[in-house]
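Read the structure below first, then the notes.
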Amino acid sequence: MKRFEHQWQDFKWVDCEAPGQEDLVKLAEEFSLPLQTVTTCLDPEHLPKAEFFEKSLFVILRHQDPEAKPKAGTMQELTTKLVFFMGEDFVLTIHRIPLPCVSNKKDKASFEKMTQIGLVKSLFLQTLKSFDAPLDELDAKTDVIEQRVFTLKRRSILREGYMIKRKISSYRKVFKFTADILNKIPTEIEISLRDLAQVKEPLEKHIFYADDIQEEISGLLNLHLSLMSQKTNEASYRTNEVMRVLTVFSIFFLPLNFIAGVYGMNFENMPELRTHNGYFVTLAVMALVVLAITIWIYKKGWLKKDEL
């Protein structure tokens, strides 16, 4: 475990990075904190939440994981935990991996005059700021998918769009529970409206931004599916048109083939073969058959082209 301490005039900040189970037990004893809460505070499944004990405040935040993989999609894969314990004269922060917001504050601790609320507020704001780049990246990817949808470049749209939707859903969950924390804290501890507003403002922007991306990517995926369905319907329609033309032609040629087949038989006793004008009479009968079929098809409306 890496431990950092800095004492200000009225409170002490202790930061613990990658503590083991034994370290957590010692921290619970040192700061008189509930043992079960401290030993389970780094459980990766925890959502952002706040709990109040007799003399301390317990807060779990989710920070963008600097080591998150590109294909990460769940809240546990995209974010890591930053835990606060805030007592009368101390602030204890616990996390598994190095976090930029904590590192920056450590570097400046010796030069800054800080209050408990000011320290916690600063870490809150920097935690929220860690989501700026991921949201911008998702927004840029959404714009790329929008261009590909309208240019009908179908490759990987559904897979990439689903990944964006999965990630933004995880972020929305984090922002929603973080907002619940900010609504809950003022009911238990004294905090100025100005400090609260300074934290709520970027969070509300993130919530709006995430909702906008979620709505846009959902609309693009639905539009993509609709366009692909339309292209499939158009292809099916063109196939049906070809089949209709072939069917109409077959209607004409079936009776003509029958007549030609009858008079093409090589039997010796066929009186019509000796008819002087039999050839012309047969052609006339064929023409009448074609005319009759044409009138019948026209009345049926089979010659009209359906509109899409």
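Every read-out reported here was derived from the displayed coordinates using simple, explicitly stated rules and does not represent laboratory data. Quick caveat: nothing in here was measured; it's all calculated off a predicted structure. Here the Cβ positions follow ideal geometry from the backbone for every residue, glycine too, while neighbour counts run over all protein chains shown.
The set of residues from segment 46-70 being aromatic (F, W, Y) and either without any contact (Cβ under 8 Å) to a residue 12 or more places away in the chain or out of contact with any Cys (no Cβ under 9 Å at 6 or more places or on another chain) (or both) comprises F52, F53.
Residue count for segment 191-216, restricted to those that are β-branched (V, I, T) and touching a Leu at 6+ places or on another chain (Cβ under 8 Å): 2.
Does T247 fit the bill of being more than 30 Å from K165 (Cβ to Cβ) and among the polar types (S, T, N, Q)?
Values: more than 30 Å from K165 (Cβ to Cβ): yes; among the polar types (S, T, N, Q): yes.
Answer is yes for this residue.
Here are some conditions: (1) within 18 Å of L119 (Cβ to Cβ); (2) surrounded by fewer than 17 Cβ atoms within 10 Å (Cβ to Cβ); (3) in contact with a helix residue (DSSP H, G or I) (Cβ under 8 Å, 6 or more places away or on another chain). L82 meets all but one. Which one does it not meet? Among (1) within 18 Å of L119 (Cβ to Cβ); (2) surrounded by fewer than 17 Cβ atoms within 10 Å (Cβ to Cβ); (3) in contact with a helix residue (DSSP H, G or I) (Cβ under 8 Å, 6 or more places away or on another chain), L82 violates only (2). With respect to the conditions (1) of a type in the set (G, A, S); (2) within 23 Å of the chain's Cα centre (by Cα); (3) farther than 30 Å from G73 by Cβ, G261 falls short on a single one, namely (2).
Please enumerate the residues belonging to segment 63-81 that are more than 15 Å from Q126 (Cβ to Cβ) and among the hydroxyl-bearing types (S, T, Y). Write out each step before concluding.
Keep residues of segment 63-81 that are more than 15 Å from Q126 (Cβ to Cβ), which gives 67-78.
T74, the sole residue that qualifies.
When we screen I168, I94, I164, I145 for residues that are hydrophobic (A, V, I, L, M, F, W, C), buried (at least 19 other Cβ atoms within 10 Å of the Cβ) and outside any helix (DSSP H, G or I), the only hit is I94.
A Cβ distance below 7 Å, combined with a sequence gap of six or more or placement on separate chains, defines the contacts here; from segment 257-271, residues that are under 22 Å from V289 (Cα atoms) reach no residue that is surrounded by 10 or more Cβ atoms within 10 Å (Cβ to Cβ) and among the aromatic types (F, W, Y). Would you please name the residue that is nearest to the chain's Cα centre (by Cα), looking only at residues in segment 23-79 that are surrounded by 14 or more Cβ atoms within 10 Å (Cβ to Cβ) and small (G, A, S)? Selected residue: G73.
Taking segment 69-88 as the range and being of a type outside the set (S, T, Y) and over 16 Å from F58 (Cβ atoms) as the test, the residues that pass are K69, P70, K71, A72, G73, M75, Q76, E77, L78.
Of the residues in segment 149-157, none is within 21 Å of the chain's Cα centre (by Cα), under 19 Å from D65 (Cβ atoms) and not basic (K, R).
Here is a check on your reading of the model: is A133 of a type in the set (G, A, S), in contact (Cβ under 8 Å) with a residue 24 or more places away in the chain and under 19 Å from C16 (Cβ atoms)? Steps first, answer last, please.
Details: of a type in the set (G, A, S): yes; in contact (Cβ under 8 Å) with a residue 24 or more places away in the chain: yes; under 19 Å from C16 (Cβ atoms): no.
No: the conditions fail for A133.
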